[in-house]
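Quick notes on the structure that follows.
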Amino acid sequence: MAAGHVRAAEAHGKGTTVDWYRKDVEELGPEDCWDRLRADGVARLAVVVDGAPEIFPINYVVDHGTVVFRSGLGTKVSGALEGRAVALEIDGHDPATSTAWSVVVKGEAESVRPGHALMEALQLPLFPWQQGMKDRFVRILPTTVTGRRFTMADHEAWNSPLGGDRRTPTGSARWTETEPGGP
């Protein structure tokens, strides 16, 4: 937490949580998180490789309270199976209600071994987007599954006089190579 947030929290006797900062964030319950995981199928997998974080897009399926993905041998699979914790994240938004959500699964990954478990994994509806040898099945055993939903900020909330005409119609910053006041 940033030093300013810690000082603000301590000033209000709240430990390290700033209540006003999260007032519009709704924590999703476990069932809602799992429903969203079942409905999606594309996520980002975070692993540690050579001491640094790496993030990979994956196709996955929920299977008996775990998450299974299929891939070829490489950095992603090696990183997931090194015995360190992994994380998987999905998110989305609903423009009609101006809400966004995110679900994070943290846990350990294990290789699906040949035998009955692999035969069952072969029956899962896993369809990687990229062609090639995808003979490795990896199962993530969750230790935590968390989620949140919040109201999206109106683009106008981020406009400032300093931004001037550097905003696109959707509200994102538009940068140019010219100096202010230049040609």
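Any idea how far apart residue 111 and residue 134 come out in nm if each label point goes 7 Å out from Cα toward Cβ?
Taking the two extended label points, one gets 2.0 nm.
Per 0.36 nm of contour for each residue apart, how much would the distance between residue 48 and residue 24 grow if the chain were fully extended, relative to their Cα-Cα spacing?
Length gained, residue 48 through residue 24: 5.4 nm.
How much length, in nm to one decimal, is gained on full extension between residue 150 and residue 35, taken as 0.36 nm per residue of separation minus their Cα-Cα distance?
Extending this stretch completely gives an extra 39.7 nm.
Take the Cα atoms of the stretch 27-149, find their three principal axes, and give me the spread along each one in whole Å, biggest first.
Dimensions of the stretch 27-149 along the principal axes of its Cα atoms: 44, 35, 28 Å.
Read-outs throughout are calculated quantities, based only on the coordinates presented, and are distinct from any laboratory measurement. Keep in mind the model is a prediction, meaning the values are calculated, not measured. Cβ sites come from the backbone with ideal geometry, for glycine too, and all protein chains shown count toward neighbours.
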